[in-house]
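Values in this text are rule-based calculations from the coordinates and carry no lab data. These numbers were taken from a predicted model, which means no experiment stands behind them. Don't worry about glycine lacking a Cβ; one is built from the backbone with ideal geometry, like all the others, and counts go over all protein chains shown.
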Amino acid sequence: MPARRTRVILAVLENLGLLRRSGRSLALRRSFREQELEQFLATFETRQGLDRERITLMMRYGQAASCRMQFLREYSGDPVGDPCGQCDNCERPPLAPAAQQSSEPARRAAPNL
């Protein structure tokens with residue numbers, strides 16, 4: 001398990017009062033009740049899914065061949081409107097065939113947001 005994920009899990013367990021941290025050591029204060037464990041796992045899985053969605057969205061934004069402002073407007077639910085004319089894609093439009101090829105896999109893998 002990656003170190004960052006381990007630190008997050010330990011911090012959550014400490015906040016729940018299940019672990020006590022003393023310097024570099026950890027001590028179990030009490031065990032999970034069954035309902036707590038199920039809720040903890042569900043919350044952790046939900047957070048992990050949201051993190052994956054955010055990463056996918058960032059990748060789609062970075063690979064977008066269209067106006068970045070239109071991308072952000074669409075994401076926030078606002079009317080897309082006209083291109084801004086100021087972002088990198090408006091000022092220097094990518095070549096259409098290459099842009100379609102590079103953004104296609106990200107679009108297919110991205111969840112509907």
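Here are some notes:
- The phi torsions of the range 74-86, fed into the Karplus equation with coefficients 6.51, -1.76 and 1.60 and a -60° offset, translate into couplings of 4, 4, 7, x, 7, x, 4, x, 7, x, 6, x, 10 Hz, rounded to whole numbers, with Gly and Pro shown as x.
- FRET efficiency, 1/(1 + (r/R0)^6) with R0 30 Å, evaluated for Ile55 and Arg92 via beta carbons: 0.70
- Taking the Cα centre of the range 21-71 as origin and assigning +1 to Lys and Arg Cβ atoms and -1 to Asp and Glu Cβ atoms, the resulting dipole is close to 320 debye.
- Placing R0 at 25 angstrom, the Cβ-Cβ distance between Gln63 and Arg7 gives a FRET efficiency of 0.25 after rounding to 0.05.
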